[in-house]
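Any read-out appearing in this document is the output of simple, stated calculations on the displayed coordinates, not a laboratory observation. It should be emphasised that the depicted structure is a prediction, and the values quoted were computed from it without experimental measurement. Cβ: placed from backbone, ideal geometry, glycine included. Neighbour counts: every protein chain shown.
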């Protein structure tokens, strides 16, 4: 006979825990763990089926593993009826252990449109390590037994401020509104166990009904870069040319290379629908005489962003392909730009900038390739990577390098106040390491803590003017 168990558990049950039924039948472990391990369903219930003899008197307990606990009752009993199947619905009012005060389970319930391809994988990507740190595929959701719903349960630190979007595994397939327009990040403040419901309107790659217009200011050109010979994926470049480039044909220009190129100048291509506004800001500053005219090259990222933007691997995230990415910039990208455009080729004119892991790799390349890049925009850098490996590298410098460095951090970049403070402290440690090696604050090292700023494009756009003015001040 089939006995179907449908168990409702306390809302504080950790997502990573296992719920099982242990009882006096072989299918229930004959009284020994693990018993019948149940599966968490989209509605938060735990379900499973056991085959047991008819008319058997079952005695069983509902148990929790990780942490180990059980419901505070001696045992359930049930006499199996002589029919094909029966469903036993039970509710665990509480476990013999209390809630974990450090972590809180959050359930995600995502409904996708009927146009979603059959067999598609649905992911959540967001601003927490548990959500992949915006890698496009942080948490894979399980499909409900019926309908177009997917679910996942994730434990977060209490007080975390979640920001996330739904994808089908990459930012090329990120969710949009029903008309194909950009949407804001979903937000949730983790205070207590909760269920977060999301309705996906449409997907980026299926084509919006009303495409978002290009938001580029000035003259741009595009190039394709083949990275296969270096073991890297191909990508695009977007090249922004300063005002009067076409008419002042005798002039040569410094070049600023920037990571995450699709996010810099065009909301239509930006991963989250928000651009830095580098084109508008540079055009305005140059025309006002507040910065030197420069060429800006945005190097698009790929879904290997984490490996390419990190100098060493970690056990949790992998990574460590920055040296290959650095060769791509130095051996492929820069020669193409120098051949195609009127550039000032020397390192004293060449800059590199990026945010988050892009800030980390900019600092790393400043040390690794100081003969190529000497003006660095180290924006909200992931100093924490590999136990502050980047700080160790600065401390190990034999001599100060001829680098002009912008370094900044927002004071509200992470999920909790404590995490944000830790991020600020990490960046201060990097600042102090640079100062100890001879960089001088407000001279060749500009350090900014942006009050209340988050870890997103809107925050970086708000600082773009200061960054450009510092890296490329007007030439007397």
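Roughly what angle does helix 278-287 make with the longest principal axis of the chain, taking Cα atoms, 0 to 90 degrees, to the nearest 10?
That works out to roughly 20 degrees.
Sort the range 41-158 into rounded, prolate or oblate with this rule: let a ≥ b ≥ c be the square roots of the eigenvalues of the Cα gyration tensor; rounded if a/c is under 1.5, and if a/c is not under 1.5, prolate when a/b is larger than b/c, oblate otherwise. Before the final figure, lay out each step's value.
Values: a/c = 3.69, a/b = 1.49, b/c = 2.48.
Note, shape of the range 41-158 comes out oblate.
Determine which residues of the range 266-293 fall in the zone a paramagnetic label at residue 219 would reach in this model, i.e. backbone nitrogen under 17 Å from the point 7 Å along Cα→Cβ.
279-280, 282-284, 286-287, 293, by backbone N distance to the label point.
What FRET efficiency do you get for residue 226 and residue 172 if R0 is 25 Å and r is their Cβ-Cβ distance, rounded to the nearest 0.05?
On the way: r = 19 Å, r/R0 = 0.77.
That pair, residue 226 with residue 172, gives E of 0.85.
For residue 475 and residue 118, calculate 0.36 nm times their separation in residues minus their Cα-Cα distance, and state this gained length in nm to one decimal.
Numbers: separation 357, 0.36 × 357 = 128.52 nm, distance 5.79 nm.
Net length gain for the segment: 122.7 nm.
Normalised by the number of residues in the range 2-91, what is the relative contact order in percent for Cα pairs under 8 Å and 6+ residues apart? If you can, show how the numbers build up before the last one.
Values: 185 pairs, mean separation 33.7, N = 90.
With pairs under 8 Å counted, the relative contact order is 37 percent.
Over the Cα atoms of the range 380-476, compute the convex hull volume and normalise it per residue, giving Å³. Mind showing how you got there, number by number?
Values: hull volume 9.6 nm³, N = 97.
Hull volume normalised by residue count: 99 Å³.
If the viscosity is 0.692 mPa s and the temperature 37 °C, what translational diffusion coefficient in µm²/s does Stokes-Einstein give for the range 2-91 when Rh comes from Kirkwood over Cα pairs? The partial results should precede the final answer.
Numbers: Rh = 13.1 Å.
The Stokes-Einstein estimate is 250 µm²/s.
Just want to confirm a number: the relative contact order over the chain, from Cα pairs under 8 angstrom separated by 6+ residues, in percent. The partial results should precede the final answer.
Working: 1071 pairs, mean separation 48.2, N = 476.
It rounds to 10 percent for the chain.
With N set to the residue count of the range 184-317, report its C-alpha Rg divided by 2.2 N^0.38 Å to two decimal places. Write down the numbers at each step before the final one.
Details: Rg = 18.9 Å, N = 134, 2.2 N^0.38 = 14.1 Å.
Rg over 2.2 N^0.38 Å, computed on Cα atoms: 1.34.
What is the packing order of peptides 160-171, 350-361, taking the mean over residues of other C-beta atoms within 10 Å and listing the highest first? Could the numbers behind the result be given before it?
Details: 160-171: 21.4, 350-361: 26.8.
Ranked from most to least packed, the peptides come out as 350-361, 160-171.
Can you tell me which of 309-320, 11-22 comes out highest on packing, and rank the rest after it, using the mean Cβ neighbours within 10 Å? Working shown, then result.
Working: 309-320: 16.2, 11-22: 19.7.
Per-residue mean Cβ counts within 10 Å order the peptides as 11-22, 309-320.
For the range 128-184, what is the per residue volume of the convex hull drawn over the alpha-carbon atoms, in cubic angstrom? Walk me through the numbers on the way to the answer.
Numbers: hull volume 5.8 nm³, N = 57.
Once divided by residue count, the hull of the range 128-184 is 102 Å³.
May I have the pair-distance distribution P(r) for the range 103-206, computed from all Cα-Cα distances with 10 Å bins from 0 and rounded to whole percent?
Here the calculated profile for the range 103-206 is 16, 52, 28, 4.
What is the P(r) of the range 279-432, as percent of Cα-Cα pairs per 10 Å bin from 0?
10, 37, 35, 16, 2
How far is it, in nm, from the label point at residue 191 to the one at residue 143 when both lie 7 Å from their Cα along the line to the Cβ?
3.7
Can you sort 336, 264, 64 by how many other beta carbons sit within 10 Å, fewest first?
336, 64, 264
Viscosity 0.890 mPa s, temperature 25 °C: give me the Stokes-Einstein translational D for the chain in µm²/s, with Rh taken as the Kirkwood radius over C-alpha pairs.
Values: Rh = 25.0 Å.
For these conditions, the coefficient is 98 µm²/s.
What is the gain in length, in nm to one decimal, between residue 330 and residue 252 on full extension, counting 0.36 nm per residue of separation less the C-alpha to C-alpha distance?
Details: separation 78, 0.36 × 78 = 28.08 nm, distance 1.95 nm.
Stretched fully, the residue 330-residue 252 segment lengthens by 26.1 nm.
Taking 0.36 nm per intervening residue step and subtracting the Cα-Cα distance, what contour gain separates residue 30 from residue 449 on full extension?
Values: separation 419, 0.36 × 419 = 150.84 nm, distance 6.10 nm.
Going from the current span to full extension adds 144.7 nm.
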